[in-house]
Amino acid sequence: MALFSADLLPDWFDAWLEPAAEEWRHLRVNALEAQSQALLTRARLHEAAAAARRAIDVDPLRQTAQRCLITVHVAAATSPTPSAPTTCTARASPARWGSSPRRC
């Protein structure tokens, strides 16, 4: 993932470099989205979310990158793995809140 973390010659602003830099950004986002999906299929949710967030950092307005992160969050909410929260705080410790548990 470190390979996809930097822009192509970030301190250069020459016109001839713009098409190559834009192509590199598209390649980075596509690779990060694919990595996020691959990690998601292996139930490596934290890493999948990190890859999706990096894709969003590269292109914040790209809907497919946003969709990748949402998909990871939905998978985390429905996953029975230990990395996914399965109880709400109010149900886990009602005495702490001074009230009876309620449905989340």
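Conditions tested, residue by residue: (1) touching a Gly at 6+ places or on another chain (Cβ under 8 Å); (2) modelled with pLDDT of 75 or more; (3) small (G, A, S).
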residue: E23; (1), (2), (3): no, yes, no
residue: Q35; (1), (2), (3): no, yes, no
residue: S79; (1), (2), (3): no, no, yes
residue: T86; (1), (2), (3): no, no, no
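Taking into account only those residues within region 24-38 that are within 15 Å of A75 (Cβ to Cβ) and surrounded by fewer than 20 Cβ atoms within 10 Å (Cβ to Cβ), which is farthest from the chain's Cα centre (by Cα)?
A38
Would you confirm whether any residue within region 88-97 is out of contact with any strand residue (DSSP E or B) (no Cβ under 9 Å at 6 or more places or on another chain), on the phi < 0 side of the Ramachandran plot and modelled with pLDDT of 85 or more?
No: zero hits.
Only one of L17, L9 is at pLDDT below 95 and in a loop (DSSP other than H, G, I, E, B). Can you tell me which?
L9
The values are calculated or read from the model by the stated rules, or taken from the named source; none is laboratory data. Keep in mind that this is a model prediction, so the values were computed, not measured. Methodologically, a virtual Cβ is constructed for each residue, glycine included, from the backbone with ideal geometry; neighbour enumeration extends over all protein chains shown.
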